[in-house]
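Worksheet: the structure to be examined is printed underneath.
The values are calculated or read from the model by the stated rules, or taken from the named source; none is laboratory data. Remember, it's a predicted structure, so these values are computed and weren't measured experimentally. With ideal geometry, Cβ positions are generated from the backbone for all residues, glycine too; neighbour counts draw on all protein chains shown. Only protein heavy atoms, including side chains, enter the accessible area calculation; ligands, DNA and RNA are left aside. Shrake-Rupley method; radii C 1.70, N 1.55, O 1.52, S 1.80 Å.
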Amino acid sequence: MARVWKFGSDIDTDQIVPGRYAPYMTSEAELGRYPFIEARPEFAREVRPGDLIVAGRNFGCGSSREYAPKALKIVGVGAIIAQSFARIFFRNALNLGIPLFEAPWTDEILDGEEATLDIDAAQLVTAHGTYALVPPPDFVREIWREGSLVGYYRKYGRFPGEGADRR
Amino acid sequence: MALKQTLAERILSHAAGRPVRPGDLVVVPVDMAMAVDSIAPSVISVLRQELGARVRDPRRVAIFIDHVAPAANVATADAQVAVRRFAAEEGIAQLYDVGRGVCHQVMIEERLIGPGQIVLGSDSHSTSYGAIGAFGTGMGASDVAMAWASGRTWLRVPETIRIRCHGGFGPGVGAKDLALHVARTLGADGARYAAVEYVGVDHLPLADRQTLACMSTEVGAKVGLIAPSGEVAASWPVPEWLSSDSDALCQREVEVDLGSLPPLVAVPPSVDTVVEAAGLADVRVDVVFLGTCTNGRLEDLRAAARILRGRTLARGVRMIVVPASSRVLAAAVADGTLATLLEAGATVGTPGCGPCIGRHLGVLGAGEVCLSTGNRNFRGRMGSPEARIYLASPEVAAASAVTGRITDPRALAF
Ligand code: SF4
């Protein structure tokens, strides 16, 4: 069981990690202390590995800073489920191996409730119902399996789905 | 090719070596991948520490020191020292240092890229390269590092939103007004994951195309494309396969009659709250900022100079001009444009990003109002969260500098 952290729409990368807390202003090692440090200070203190972020539209809009999803990965966020994601955030989070799902029903999920994400069955189970997720393509699953795109490339010397004979 | 395709689909089909459709995932060779001073340290760290790799082909890498240039403090100065050292170690000749200009302008000026190519940048406005028909898109540090190490990237083939333009601009109206009209029509996330493709703009010069392609990212687009024609087709080699079917299936089509567009302004704090400049005559401005990758080119400086010639800034108004590149600055000196701006009372900063991201060279204080020719006006973008940023064309900027209030340039004779 994981706890749900519920957010609204248009959560921008400055709310996730403000620019002043960028790794080159502080240090990479401290990044895990800063997710939502100003927008929702209890998050970084209380989040447990596997907890879920559930949000409205356009999650992660704003800058191209990869350290925003990276901070969420460091604290062990199990998945982010949103009605939609901003493009560069989606890519960055996917590359870092954070499970992401787009789903229309996120308004029905409550802040602080317990829920179980079953990635293989592609569903979220709560006390008030079971919600279906669109299963990700193989490309994405391969990245998740190796932890990140960089991890995948290090291991296989190619991108997921590329012919194994690639240089 | 019998298959009808949008420009994005055609470029990615060519790169992937097979016909692709929206939604397909492809892994494609990258022709050029660039990083800017503020993100390059992260790219270098992923490349060296996480990938344990080196740059595969230094000719396909470019680095720009433009976002905080010259350095504003010891932290940025130290970061720049490390970036220069990295470029030397990896044999990267294409390092453009302090004063050369904004990455997106210099990439095109230096002809580092060409029509039909796949170009990545560590900066969201890398959509700018669509101005010459290149598939330019912004990415994060891991993606750029992967491209530097492997020479490739993954892409999801985007749906296309087509902006079909008719006619030509009226006096005092231009590409920025069109871009703001598109932002108002689509909304700030209206083109998420999609390509925006402009058609019916063959008469527009390169500078206008750069403004349109650059601003595509403000509607959430992956890429903002214009098929090479006119000035672009005359000065770049255009591959024979690079064309677009203007009747290919697309996600949405928006028709715009250019002749009916008035001068427009985006009202803070969002790019898609767009109203006519004439309706904002009550808004007093403290600072006018003329510059950025959106509107810092010679054409933009000239448009402002046409209005400022023989006039002076209103009392209490500061005007900061930051040419997009050293070449723009030199040309504006040579043809007298700069003298006109200076005589009116403007001042000039080092070519680069200037105060666009609020880190140096004109940071705004609480309560200040800025009329900027840039592309983003969210809270705190240029400094204090209590400052307000209105976005508009160089013509609106110059007219507002003269009156001290947001002004429709057509209200002044020029
Ligand atoms: S001018 Fe502004 S928008 Fe353009 S690259 Fe520089 S900071 Fe970004």
- [ ] Just one of (1) more than 16 Å from the ligand (Cβ to nearest atom); (2) under 26 Å from A:GLY19 (Cα atoms) trips up B:ALA93, so point out which.
- [x] (2)
Task: Hey, B:THR312 within 13 Å of the ligand (Cβ to nearest atom) and either on the phi > 0 side of the Ramachandran plot or surrounded by fewer than 18 Cβ atoms within 10 Å (Cβ to Cβ) (or both) or not - done: no
Task: Selection count, the range B:30-64, where residues are modelled with pLDDT of 95 or more, in a loop (DSSP other than H, G, I, E, B) and among the hydrophobic types (A, V, I, L, M, F, W, C) - done: 4
Open item on the list: For the range B:360-378, which positions are open to solvent by 20 Å² or more (accessible area, probe 1.4 Å) and either hydrophobic (A, V, I, L, M, F, W, C) or more than 14 Å from B:GLY291 (Cβ to Cβ) (or both)?
Closed with: B:LEU361, B:VAL363, B:GLY365, B:ALA366, B:GLY367, B:GLU368, B:PHE378
- [ ] Specify which of the listed residues (B:ALA62, B:ALA134) is within 16 Å of the ligand (Cβ to nearest atom), within 30 Å of A:TYR152 (Cα to Cα) and touching a strand residue (DSSP E or B) at 6+ places or on another chain (Cβ under 6 Å).
- [x] B:ALA62
Task: In the range A:64-77, residue nearest to A:ALA44 (Cα to Cα) [restricted to those that are in contact with a strand residue (DSSP E or B) (Cβ under 8 Å, 6 or more places away or on another chain) and more than 12 Å from chain B (Cβ to nearest Cβ)] - done: A:LEU72
- [ ] Test B:ALA72 against the stated conditions and say whether it is within 14 Å of chain A (Cβ to nearest Cβ), within 16 Å of the ligand (Cβ to nearest atom) and assigned to a loop (DSSP other than H, G, I, E, B).
- [x] yes
Open item on the list: Tell me whether the range B:295-304 contains one or more residues that are of a type in the set (Lys, Arg), within 16 Å of the ligand (Cβ to nearest atom), in contact with a helix residue (DSSP H, G or I) (Cβ under 6 Å, 6 or more places away or on another chain) and in the same structural domain as B:ALA366 (by TED's automatic domain parsing).
Closed with: yes
TODO: Identify all residues within the range A:78-121 that are among the β-branched types (Val, Ile, Thr) and either open to solvent by less than 10 Å² (accessible area, probe 1.4 Å) or more than 10 Å from every other protein chain (Cβ to nearest Cβ) (or both); write none if there are none.
DONE: A:ILE80, A:ILE81, A:ILE98, A:THR106, A:ILE109, A:THR116, A:ILE119
- [ ] Read through the list (1) open to solvent by less than 10 Å² (accessible area, probe 1.4 Å); (2) within 14 Å of chain A (Cβ to nearest Cβ); (3) out of contact with any helix residue (DSSP H, G or I) (no Cβ under 6 Å at 6 or more places or on another chain), then give the number of the only condition that B:GLU159 fails.
- [x] (1)
TODO: Kindly indicate the residue of the range B:40-60 that is without any contact (Cβ under 8 Å) to a residue 60 or more places away in the chain and within 8 Å of chain A (Cβ to nearest Cβ) and also surrounded by the fewest Cβ atoms within 10 Å (Cβ to Cβ) among those meeting that condition.
DONE: B:GLY52
Task: Checklist (1) open to solvent by less than 10 Å² (accessible area, probe 1.4 Å); (2) part of a loop (DSSP other than H, G, I, E, B); (3) within 16 Å of the ligand (Cβ to nearest atom) applied to B:VAL98, failing item - done: (1)
Open item on the list: Could you go through the range B:236-256 and let me know if any residue there is within 16 Å of the ligand (Cβ to nearest atom), within 17 Å of B:GLY167 (Cβ to Cβ) and either of a type in the set (A, V, I, L, M) or in contact with a His (Cβ under 6 Å, 6 or more places away or on another chain) (or both).
Closed with: no
Task: Matching residues in the range B:379-399 - criterion: being within 12 Å of the ligand (Cβ to nearest atom) and open to solvent by 10 Å² or more (accessible area, probe 1.4 Å) - done: B:ARG381
Task: Selection count, the range B:400-414, where residues are open to solvent by less than 10 Å² (accessible area, probe 1.4 Å), among the hydrophobic types (A, V, I, L, M, F, W, C) and farther than 17 Å from B:VAL322 by Cα - done: 1
Task: Of the criteria (1) touching a residue at least 24 places away in the same chain (Cβ under 8 Å); (2) within 11 Å of chain B (Cβ to nearest Cβ), which one A:ARG154 fails - done: (1)
